[in-house]
Amino acid sequence: MLENLLMIMMIIGALGVLSQWIAWRTRLPAIVVMAIVGLLAGPVFGIINPEADLGDLYGPLISIAVGIILFEGSLNLDFREIKGMRKPVFRIVTVGAFLAWIFGSLAAHYVAGLSWAVAFVIGGIFIVTGPTVILPLLRQAKLKPRAAAILKWEGIVVDPFGALLAVFSFEFIKFLTIETVTFDAVIMFLLASILAGIIGAAFGYGIGWSFERGLVPEFLKSPVVLVTVIMAFALSDFIMHETGLLAVTVMGMTIANMHISAITDMRHFKENISILLISVIFIMLTASLDRETLLSIFDLNIMLFILMMLFIIRPLTIFLSTMGTNLEFREKLLVGWIAPRGIVALTVSAYFANVLIDAGFQDAEILTSLTFGLVFGTVLAHGFSIGWLSRKLGLSTDTKDGVLFVGSNKFSANFAKALQDLGVPVIITDASSSRLTHATKAEVPYEHEEILSEQMEYQLDMTPYDYMLSVTEYDSYNTLVSATFKPEYGKEHLFQLPLQTNEGDQLSEVSRHISGTVLFDGQVTWTSLNEKINDGFIFEKATITESNTYDDFLNDRSEEDVILAIVRQSGSVNFFTPENNLTAEPGDQIISLAKPE
C-alpha cells in the first residue's frame, strides 16, 4: 500500500512539474497545460485516479495546500500597492462580490435549473477567482500595474469569502428548511468567521514580531512560517469548516503590512512551494474526474450557464460595482472579462455537493459537472485571451524583451541608448543623483532609487524588464544584486560585469552559485569599458543581411572591439557571454563597442 502511495505521489509531482516546464517552453498558460495533462492522465488514459488512490489523504492534502497557496498570495497584499486605487478595489471585493453572488445564484436557478437552496450555495462559491489561476496568468500576460493589482487583490481577497458565503448560505438554508436547526447556527457561523480573522491576525502579528526581534534564527524562519500557516488554517477549520481560508488570508495580509525585513525571503520560499502545490493540486483534481462527469459538462443547461457567467454576469458585476471610481473604461473591460475559476471553487463545490445531497437536495448532483465546466471554460477562455486583449486595450507592457540596468555610468547609459534606439524598453536605476547625469545626458529612462530598497518594488514596475544587468564599479554590489534577484529573474536573465582586481572593491573569487552570468568576453571590466569610451570608442549597430553575414561582421571587426548584444528581428535580446555561442541571422542587429575607423 505504501509503495503504491509513493508511486502515485511521484507520478502526480512529476506531471505537475512537467506541465509547468511545457508551459514555460511553449509560452502557453500553465493552468491550461496542467488541466490538459491531468485529464489525459486521469479520465482519458486512466493512469491515475488520485481521489481513489490517496483515499482519506486526498481531502486534507488539498485543503492544506490551498491554505498555503492563499497565504503566499496574501503576502503580496501590501496596501501601498493600491495607492490611488483603493476605492475600485474595495468596491470590487465588497459590492462586486455581493452582486456576483446574487447574479450567479439567479443564473444557477433560472438557467442551470437548480433549486433556490442549491443555487445560492453555488452562487457564493462562484464569486471566487483565486491566486492559483490569476497569478500564473498575470505573470505571463505582463499587465500594467493598475489592472494587475486589481485582478490580484480580487483573486486573493475574495477567495475565502466565496467559501464563507457558501457556508453562510447553507447554514441559512438549513435554518429556513429544517425545523431542528435554529438561528443560533447562523450566529455561530458569523462568530466563527470573526474568530478565524482574529486567529489569522494574531498568528501573523506574532510571526512578524518574533522575526523583527531576532527570536527566530534565519535557518528556522521558513519552517516556522510554514508550520504556523498550517496551524492557523487547521485551528480555524476545526472551529468551523472553510473558515481556515479566511484565517490564512488575514495572516498573510497582516505580515505584508507590517513591512518586516524578512518578508522578501519569506515570499520567495512560499512562492516556490506554491508553484509546486498549484501544479500538484490541479493535476490531482483534473485526474480525479470520471468520464461521466466530463461528458456531462456538455449538457445544454450547463453550457448556457457558463456562457452567461462569462459574457453577462462578470462584466455586469464589474461595471456596476466600479461606477463612480477612477477606473478607465478599458480597465473595466479587461477586469470585467478576466475571472478564471480554480482550485478553491473545485474543492469547495465538491465538499458542498456531498453535504447538500446528504441534506436532501438531490439536484446538487450536477454541482461537480457545473463547477468543472465553469473552471475549464474560464481557464481556457481567459488563459488564451488575456495576452491578446490586454495588448489590444493597451494594458500590457511592451512585448519586446526589456532591460533594467543597475548602475549609471558612461558605459551603461550609452549601451542603454543603443538598445533603446532599436526599440528595446530600457531603464537605469541608481541611488546617486550625480551618477544619473549620464542617463539624463543619454536621454534614457531612469529611476533615482536604491534597487535593493524595499520601496523599489512600489516605485518601479519591473514587469516590462526581462533582463537585469548589474554594471556598477563594485563587484560585491553587482554580485549582491544578482543574488537578491535570482529567485525572481533566474540566473539566465541576470548578468553582471566580470570581476576586477584593481583598486576599489577587491574580489578575486566569487561563487558562481550566488552571482549573475558574466557578461561579454569575460575579460573586460567596468574600468576597461569606461576607458574605451573615454578613448573614443563608439556603440555601433550592424544589421546582418544575406550579403553581410555574421561571419563577415566577425572578420571586419577590430580585436579591441567588444561585441555586446544581438537584438533579434522578433524583438528578443541576447547578450554575449563567455559560455554562449551566439550567431546572428539576416534581420538581426548586433551592438558592439567599436574602435572608430
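The values are calculated or read from the model by the stated rules, or taken from the named source; none is laboratory data. Keep in mind the model is a prediction, meaning the values are calculated, not measured. Here the Cβ is made from the backbone with ideal geometry for all residues, glycine too, and neighbour counts use every protein chain on show. Please note that ligands, DNA and RNA were not included when accessible areas were found on the heavy atoms of the full protein model with its side chains. Shrake-Rupley method; radii C 1.70, N 1.55, O 1.52, S 1.80 Å.
When Phe311 is tested against the conditions (1) farther than 17 Å from Pro145 by Cα; (2) not in a helix (DSSP H, G or I), the lone failure is (2).
For Ile273, indicate whether it is at pLDDT below 85 and not acidic (Asp, Glu). So Ile273 passes the test. Take Phe376 and tell me if it is open to solvent by less than 10 Å² (accessible area, probe 1.4 Å), among the aromatic types (Phe, Trp, Tyr) and on the phi < 0 side of the Ramachandran plot. It is false that Phe376 is open to solvent by less than 10 Å² (accessible area, probe 1.4 Å), among the aromatic types (Phe, Trp, Tyr) and on the phi < 0 side of the Ramachandran plot.
Just one of (1) in a loop (DSSP other than H, G, I, E, B); (2) in contact (Cβ under 8 Å) with a residue 12 or more places away in the chain; (3) surrounded by fewer than 22 Cβ atoms within 10 Å (Cβ to Cβ); (4) not aliphatic (A, V, I, L, M) fails for Arg341. It is (3).
To keep it simple, each residue is scored yes or no on (1) under 22 Å from the mean Cα position of the chain (by Cα); (2) over 29 Å from Ala232 (Cβ atoms); (3) modelled with pLDDT of 80 or more; (4) open to solvent by less than 30 Å² (accessible area, probe 1.4 Å).
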position: Met1; (1), (2), (3), (4): no, yes, no, no
position: Met7; (1), (2), (3), (4): no, yes, yes, no
position: Ala30; (1), (2), (3), (4): yes, no, no, yes
position: Val33; (1), (2), (3), (4): yes, yes, yes, yes
position: Val37; (1), (2), (3), (4): yes, yes, yes, yes
position: Phe45; (1), (2), (3), (4): no, yes, yes, no
position: Ala52; (1), (2), (3), (4): no, yes, yes, no
position: Gly55; (1), (2), (3), (4): no, no, yes, no
position: Arg80; (1), (2), (3), (4): yes, no, no, no
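When segment 347-359 is filtered for residues that are open to solvent by 10 Å² or more (accessible area, probe 1.4 Å) and part of a helix (DSSP H, G or I), the ones remaining, listed by number, are Thr347, Ala350, Tyr351, Asn354, Val355, Ile357, Asp358. The set of residues in segment 557-597 that are open to solvent by 40 Å² or more (accessible area, probe 1.4 Å) and more than 20 Å from Val524 (Cα to Cα) comprises Arg568, Gln569, Ser570, Thr583, Glu585, Pro586, Gln589, Glu597.
Taking the criterion of being open to solvent by 20 Å² or more (accessible area, probe 1.4 Å), in a helix (DSSP H, G or I) and touching a residue at least 40 places away in the same chain (Cβ under 8 Å), the residues of segment 277-292 that qualify are Leu277, Val280, Arg291. The set of residues in segment 29-47 that are over 20 Å from Leu295 (Cβ atoms) and either of a type in the set (Asp, Glu) or without any contact (Cβ under 8 Å) to a residue 24 or more places away in the chain (or both) contains only Val33. Of Gly96, Gly123, Gly113, all but one fail to be at pLDDT 85 or above, open to solvent by 20 Å² or more (accessible area, probe 1.4 Å) and of a type outside the set (S, T, N, Q); the exception is Gly113.
Just one of the listed residues (Ser63, Ser105) is at pLDDT below 85, of a type in the set (Ser, Thr, Tyr) and either buried (at least 18 other Cβ atoms within 10 Å of the Cβ) or under 15 Å from Gly336 (Cα atoms) (or both), and it is Ser63.
Restricted to segment 390-413, and to residues that are in a helix (DSSP H, G or I) and either in contact with a helix residue (DSSP H, G or I) (Cβ under 6 Å, 6 or more places away or on another chain) or open to solvent by less than 10 Å² (accessible area, probe 1.4 Å) (or both), which residue is nearest to Leu334 (Cα to Cα)? Out of the qualifying residues, it is Ser390. It is to be established whether one or more residues within segment 333-350 are over 26 Å from Gly67 (Cα atoms) and of a type in the set (D, E, K, R). So far as segment 333-350 goes, no, none of its residues is over 26 Å from Gly67 (Cα atoms) and of a type in the set (D, E, K, R).
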